[in-house]
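Novice: Could you have a look at this structure, given as structure tokens, before my questions?
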Amino acid sequence: TRELSLYLESQVRVGFLGSGVGLSLVLGFGVAYACYYLNSIAKKPQLVASNDRFCRFLEEYCPVVTETYYPTIWCWEGRVQTLLRPFITSRPQVQYRNELIKTADGGQISLDWFDNNDSSYYPDASTRPTVLLLPGLTGTSRESYILHMIHQSETLGYRCVVFNNRGIAGEELLTPRTYCAANTEDLEAVIHHVHSLHPSAPFMAAGVSMGGMLLLNYLGKTGRDTPLMAAAIFSAGWNVFESVESLEKPLNWLLFNYYLTTCLQSSISRHRQMLEKLFDMDLVMKARTVREFDKQFTSVMFGYRSIDDYYEDASPCRKLKSVGIPVLCLNSVDDVFSPAHAIPVETAKQNANVALVLTSCGGHIGFLEGIWPRKCTYMDRVFKQFVQAVFEHGNKIFSM
């Protein structure tokens, strides 16, 4: 009996792991998980482009789009990446110069400039390459993904300007009008304004989420008649009908839709006195989904007969065939904001100016990588390499 009690005491002291059984299980699980990750999670993105010259250009000057993307090993799932990115990624310090410009209808638009006057690569401001940045649905120049794009541009010597949608960045609404993904008038005014200030500077744009949708709709409308050399699009919602349907699934509504709706309501509540002239604001503030908000507010503001008419007009997939300059579009196929089946792969193959980069993981504006993904994301690296490729080697694709 004494021997048995001594044996049991020794086992308690050694513990589960110390016995070797637990350690073996942990090691076995680790090896199995690593094998699963390397075989099923870490993959090369799918590059969709019909133009061989564009493909070769990307392979040579933007090689990140052909390399294996290794998402953060402990949070590779799309929803998790989407939720964690704003909290995990750092926020580089950026000093902006604000400019308010007037619009034809009497409104105003807030632009935040990062002039990069210390640029050693491009000391002449008149020819310093300029990147116009378009944030997402309720985003401003203070979003972490915008700050990282500016940080990447700063290291390359470029100038950036952020287009904040009306009423979103602290400025007052002078007319009862905000913004939407379909109406490109404000973006056209901004592009014309920036180009007129620096007509000799190479000029391109990058849009994220709704900013990407707006930019694509603008490019589909203008074709080649734009001062932009090229554009980069990140996590765009290609088909708004499919996007809102995906966001209305119970888990997605709980995680994203309701929060987004409250953000939209918050963005207009401070302008309530101006907007009450045209809208039943009590009804707008009762919306519980993005679709309800758009039905009561956005589609009405921009004169659509129905929300379906607005969503059809706002969907970039319908304009992609008319894009007339080189465009690189990054999406993750596990993005609940833009379901994989709604990505217009076949349409993209019909336009020599378009290249799609589709990752298996990354979520919506996630694309986290590394063990502790505080700094550079895969999206940041795509942005940096493509922008540099366009500004420094763009002549190789502009003869397409």
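Novice: Hey, any hits in segment 94-114 for a residue that's crowded, with 23+ Cβ neighbours inside 10 Å, at pLDDT 95 or above and assigned to a loop (DSSP other than H, G, I, E, B)?
Specialist: No.
Novice: Would you call Val284 within 20 Å of the chain's Cα centre (by Cα) and among the β-branched types (Val, Ile, Thr)?
Specialist: Answer is no for this residue.
Novice: With respect to the numbered conditions (1) touching a helix residue (DSSP H, G or I) at 6+ places or on another chain (Cβ under 9 Å); (2) surrounded by 16 or more Cβ atoms within 10 Å (Cβ to Cβ), which one is the sole condition not fulfilled by His271?
Specialist: (1)
Novice: Can you work out which of the residues in segment 297-342 that are among the β-branched types (Val, Ile, Thr) and touching a Leu at 6+ places or on another chain (Cβ under 7 Å) is surrounded by the fewest Cβ atoms within 10 Å (Cβ to Cβ)?
Specialist: Taking the candidates together, the pick is Val333.
Novice: Further question: Those residues that are of a type in the set (A, V, I, L, M), under 17 Å from Thr222 (Cα atoms) and either without any contact (Cβ under 8 Å) to a residue 40 or more places away in the chain or assigned to a loop (DSSP other than H, G, I, E, B) (or both), I need them from segment 164-193; list them, please.
Specialist: If the condition is that a residue be of a type in the set (A, V, I, L, M), under 17 Å from Thr222 (Cα atoms) and either without any contact (Cβ under 8 Å) to a residue 40 or more places away in the chain or assigned to a loop (DSSP other than H, G, I, E, B) (or both), then Ala181, Ala182 are the ones that fit.
Novice: Can you tell me which residue among Phe241, Phe256 is buried (at least 18 other Cβ atoms within 10 Å of the Cβ) and aromatic (Phe, Trp, Tyr)?
Specialist: That would be Phe256, the only listed residue that is buried (at least 18 other Cβ atoms within 10 Å of the Cβ) and aromatic (Phe, Trp, Tyr).
Novice: Considering only residues that are β-branched (Val, Ile, Thr) and within 19 Å of Glu392 (Cβ to Cβ), which ones fall in segment 116-154?
Specialist: Listed by number, the residues that qualify are Thr127, Thr130, Val131, Ile150.
Novice: Hey, any hits in segment 185-200 for a residue that's of a type outside the set (Phe, Trp, Tyr), surrounded by fewer than 21 Cβ atoms within 10 Å (Cβ to Cβ) and on the phi > 0 side of the Ramachandran plot?
Specialist: Looking through segment 185-200, none of the residues is of a type outside the set (Phe, Trp, Tyr), surrounded by fewer than 21 Cβ atoms within 10 Å (Cβ to Cβ) and on the phi > 0 side of the Ramachandran plot.
Novice: Further question on the same structure: For segment 194-288, list the helices (runs of 4 or more DSSP H) that sit wholly inside it and hold at least 2 residues that are in contact (Cβ under 8 Å) with a residue 60 or more places away in the chain; which are they?
Specialist: Here the list reads 210-222, 240-247, 258-269, 272-275.
Novice: Something else: Tell me, which residue of segment 16-72 that is among the small types (Gly, Ala, Ser) and within 19 Å of Cys329 (Cα to Cα) is modelled with the lowest pLDDT?
Specialist: My answer is Ser50.
Novice: Here's a follow-up. Across segment 378-400, what is the total count of residues that are hydroxyl-bearing (Ser, Thr, Tyr) and either in contact with a helix residue (DSSP H, G or I) (Cβ under 7 Å, 6 or more places away or on another chain) or open to solvent by less than 10 Å² (accessible area, probe 1.4 Å) (or both)?
Specialist: The qualifying residues number 1.
Novice: Scan segment 120-136 for residues that are under 18 Å from Val387 (Cα atoms) and either open to solvent by less than 10 Å² (accessible area, probe 1.4 Å) or in a strand (DSSP E or B) (or both) and jot them down.
Specialist: Arg128, Pro129, Thr130, Val131, Leu132, Leu133, Leu134, Pro135
Novice: Any idea which of Ala182, Ala205, Ala169, Ala230 is closer than 16 Å to Gly136 by Cβ, at pLDDT 95 or above, of a type outside the set (Lys, Arg) and surrounded by fewer than 24 Cβ atoms within 10 Å (Cβ to Cβ)?
Specialist: Exactly one of Ala182, Ala205, Ala169, Ala230 is closer than 16 Å to Gly136 by Cβ, at pLDDT 95 or above, of a type outside the set (Lys, Arg) and surrounded by fewer than 24 Cβ atoms within 10 Å (Cβ to Cβ), namely Ala182.
The values are calculated or read from the model by the stated rules, or taken from the named source; none is laboratory data. The shown structure was predicted, so the numbers you read here are calculated from the model rather than taken from an experiment. All Cβ positions, glycine included, derive from the backbone under ideal geometry; neighbour counts span all protein chains shown. Heads up: the accessible areas ignore ligands, DNA and RNA and are worked out on the full protein's heavy atoms, side chains in. Shrake-Rupley method; radii C 1.70, N 1.55, O 1.52, S 1.80 Å.
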